[in-house]
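Here is the structure we will look at, set down as structure tokens.
The values are calculated or read from the model by the stated rules, or taken from the named source; none is laboratory data. Predicted, not measured: the structure shown is a model, and the values here were computed from it. Because the Cβ atoms are built from the backbone with ideal geometry, glycine has one as well, and the counts that use them run over all protein chains shown.
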Amino acid sequence: MDLLVVLSIEALRAVASLALISVGLAIIFGMMRVINLAHGEFLMLGGYAAIVATKAGINIWVSTLILAPLVVAIIGIIIERTVIRFLYGRPRDTMLATWGLSLFLVGITTTIFGNTTEGISAPAGSLQVGNYYIAAYSLIIVLIAIAVFAAIWAVFRFTRYGLIARSTMQNPEMAAALGVNPPAVYAATFGIGAGLAGLAGGVMAPITGIVPTIGAAYVAKAFITVIGGGPAVLAGTVSASVLFGAIDQIITYLSTPVIGEVALLAAAVILLRFMPQGVTGSFFRRAS
Amino acid sequence: MIEVTNLHSGYGRIPILHGIDLKMKPGEVVGILGHNGMGKTTLLRTLVGNIKATSGRIDFAGHDITRASTAERSRTGIGYVPQGRDIFPQLSVMENLKMGEIMRNGESAIPEMLDHFPVLKDLLERPGRGLSGGQQQILALARCLAGRPKLILLDEPTEGIQPSIVDLIAEKLGELRAALNLGIILVEQDIRFIRQLADRVLIIQKGVFVAEISPQQLYDREAVDAHLGI
């Protein structure tokens, strides 16, 4: 029974981690149709922002939950204004540009921090479950993911910005004819997506540590989750995260982490073979 | 209210408008009649800012808006109901209406629009994509009017709409025009609809206005055909 509780918490942590690392990409790709191959590097930057701030004496919660997303959101807005905005509607060019951007970001962080793993201790200690101990931070990640998804849903569903963003993504010309400035909405939305990647990087940093090349590990999983989730940004990300995160964790428990990741990839291939529109494209009509 | 002088525009290197001149007073309704491909929609898209003018000048409410963005033009009081309506398909009817006044301060015009178009009252939570063509047209018009424009550009509002809704739209536009001193540029193929609303009718051919006729002259089929080059 204790083992089942521990495994359930770890599975929830895996699902929450997958959802967190994917949601920024889901917004940028799902709403703006921008294929951002630098998404992993946005997570990496968030991780470094959290680590540098924490080591500078700033409270770890402030570093991971506020500074990391803020720094990466600002970087994201700058990148959108200087690079991405010239490439809307040109997916191949966007892929090339963001791939180049990812190489640039890896290069510059390697120059600054070196090619060694930086890390900070996970806060909140451990919890005892019968004869087992688990990191309390695993539960905190789950709570953060729930809070983040609830906040995103509320912002896009109930706020003025959310209404403007959803309408602009559906029909920018008509939104402009109603007085909306689409370039500003695109910049803000890209900034939010980048900020969420930064938040995920900051939250994951105490568990994984950070190296300049860690983005490559994140970006593949994030893309698999977003594409597997289908067109509904939030419902798709959650459903694909639950599916792939659970498969990953169960197979990891039964074998090894490497085989767990292989199982995740195999599950994605099978899913897209039978549901080319992803989970939400097959089960739901398009929703956000 | 709006003055267009020697306006040229087109798509990329393909010129469509070849020197449009138009002057309208506040509250005036001008119908534009012409065959497909003559530049009617291009003219409206250029006036609203979706297509940039290659030369010429557009003055609206005393300001030169030739280089203004679409959003800036909207905020100065130009409303637009495009051909095909362009309802936001995934937004509810209420959200579509809110978008109409999203950039306007002050009291909401939505209750007033629902009084004018009560058919929308029972559809407020329904997504835009779930409406019939006629309901979408009414919603597009109500959304535009919720922004309290001084001038609206209507691109074939009767296209694919059942006659009872066409009559309703004509009736409401007539009422609102009088109540709000609303200017309307109406691109339309339905001669009966233009005749009901327009103060004067401009015939467009190959990107220029070639004639101006009164709505009464639209009863004279031979004259209309002659102006349209048939």
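Worth a mention:
- Inspection of the range B:147-168 identifies no residue that is crowded, with 22+ Cβ neighbours inside 10 Å and in a helix (DSSP H, G or I).
- For the range B:94-104, filtered to residues that are in contact with a Leu (Cβ under 9 Å, 6 or more places away or on another chain) and more than 7 Å from every other protein chain (Cβ to nearest Cβ), the residue that is modelled with the lowest pLDDT is B:GLU101.
- Every pair of residues 6+ apart whose Cβ atoms lie under 9 Å, when the first sits in the range B:200-227 and is of a type in the set (S, T, N, Q) while the second is in a helix (DSSP H, G or I): B:GLN205/B:HIS227; B:GLN205/B:LEU228; B:GLN216/B:ARG195; B:GLN217/B:ALA223; B:GLN217/B:VAL224; B:GLN217/B:HIS227
Here's the yes/no breakdown for (1) among the hydrophobic types (A, V, I, L, M, F, W, C); (2) buried (at least 21 other Cβ atoms within 10 Å of the Cβ):
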residue	(1), (2)
A:HIS39	no, yes
A:LEU43	yes, yes
A:ILE51	yes, yes
A:ILE60	yes, no
A:ILE78	yes, no
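- Leading residue by the ranking (surrounded by the fewest Cβ atoms within 10 Å (Cβ to Cβ)) among those in the range A:252-280 that are touching a Pro at 6+ places or on another chain (Cβ under 9 Å) and on the phi < 0 side of the Ramachandran plot: A:GLN277
- Test: residue in the range A:239-248 that is away from every other protein chain (no Cβ under 14 Å), surrounded by fewer than 18 Cβ atoms within 10 Å (Cβ to Cβ) and of a type outside the set (A, V, I, L, M): no
- The residues of the range A:170-190 that are facing chain B (nearest Cβ under 9 Å), in contact with a helix residue (DSSP H, G or I) (Cβ under 6 Å, 6 or more places away or on another chain) and in a helix (DSSP H, G or I), listed by number, are A:ALA175, A:ALA176, A:ALA177, A:PRO182.
- Checking the stated criteria, A:PHE104 turns out not to satisfy the condition of being in a helix (DSSP H, G or I) and touching a helix residue (DSSP H, G or I) at 6+ places or on another chain (Cβ under 7 Å).
- Residue within the range B:83-93 that is within 11 Å of chain A (Cβ to nearest Cβ) and within 23 Å of B:ALA198 (Cβ to Cβ) present: yes
- The one condition in (1) within 28 Å of B:SER214 (Cα to Cα); (2) surrounded by fewer than 19 Cβ atoms within 10 Å (Cβ to Cβ); (3) of a type in the set (Val, Ile, Thr) that B:VAL4 fails to fulfil: (2)
- Restricting attention to the range B:30-68, the residues that are crowded, with 17+ Cβ neighbours inside 10 Å and free of Cβ contacts under 8 Å to residues at least 60 places away in the same chain total 11.
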